[in-house]
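The block underneath contains the structure these notes are about, expressed in structure tokens.
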Number of protein chains: 2
Amino acid sequence: MLATPMKAYVYVSLKKSVLDPQGKTIHSALKKMGYRGLEEVRQGKYFELTLDGGLTRPEAEAEIGRIAREVLTNPVIEEFRFSLEE
Amino acid sequence: MLATPMKAYVYVSLKKSVLDPQGKTIHSALKKMGYRGLEEVRQGKYFELTLDGGLTRPEAEAEIGRIAREVLTNPVIEEFRFSLEE
């Protein structure tokens, strides 16, 4: 029997030690526009992967982990996290 | 007393009805590289906003909602969701 199709959400962001000029620009734009209460803004990327149901959950976790680590993330400056939902 | 500093995570993605050529490109690249089990890939943006602790939780929710709706999202083609963590 095939597994239920799952969705994987992969979030890629710059490492804390890496400057994020894009985030800084958004932050100062928001401040100038009058939005209150912000201390820092950082921008990242977000991928939504729909699986075709041919993998079991552990297989899917391994495959998404490989995709995130090997393709979607630049390990020198970025880090990722992902979640898998049925 | 000031509220505890919170973090807001805003996820912006293309509406389902909008074509995502970038996601399609990533999808076919992953297929060619031999990754299995994917049906669709869509890419979005992700913002991490650190709050300065000067807003209560309801105020922060309202402010982050306004920022996401009015600035971070193009309502014609995009939609957003956000979460707020202590």
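For chain B, the longest principal axis of the alpha carbon atoms and the long axis of helix B:21-32 meet at an angle near 50°. Put a dot 7 Å past the Cα of residue A:69, heading toward its Cβ, do the same for residue B:24, and the two dots end up 3.2 nm apart.
Residue by residue, region A:47-64 carries 3J(HN,Hα) couplings of 10, 10, 10, 8, 8, 8, x, x, 10, 6, 4, x, 4, 4, 4, 5, 5, 5 Hz when phi is fed to the Karplus relation 6.51 cos²θ - 1.76 cosθ + 1.60 (θ = phi - 60°); x denotes Gly or Pro.
Among the lysines of chain A, pairs that are 8 or more positions apart or on different chains and have alpha carbons within less than 19 Å of each other number 7. Between identical copies, the spacing of residue A:57 label points, each set 7 Å from Cα toward the C-beta atom, reads 2.8 nm from nearest to farthest.
For the chain pair B and A, the interface hides roughly 3300 square angstrom of accessible area in total, found with a 1.4 Å probe. Helix content alone sets the calculated 222 nm mean residue ellipticity of chain B: runs of n ≥ 4 DSSP H residues at -39500 (n - 2.57) each, divided across all residues, give -8000 deg cm²/dmol.
Looking down the axis that turns chain A into chain B, the chain A residue with its beta carbon nearest that axis, and the gap rounded to whole angstrom, comes out as A:46, 2.
Taking a point 7 Å out from Cα toward Cβ as the label site, list the nm distances between residue B:79 and the same residue in every other copy, smallest first. Sorted ascending, the copy-to-copy spacings read 3.1 nm. Computed over protein heavy atoms with a 1.4 Å probe, the accessible surface of region A:7-85 works out to 52 Å² per residue. Between residue B:17 and residue A:79, the FRET efficiency from the beta-carbon distance, with R0 = 35 Å, is close to 0.60.
The values are calculated or read from the model by the stated rules, or taken from the named source; none is laboratory data. Computed from a predicted structure; not experimentally measured. Positions of Cβ are backbone-derived with ideal geometry, glycine not excepted, and every protein chain shown enters the neighbour counts. SASA here: full protein model, heavy atoms, side chains in, ligands and nucleic acids out. Shrake-Rupley method; radii C 1.70, N 1.55, O 1.52, S 1.80 Å.
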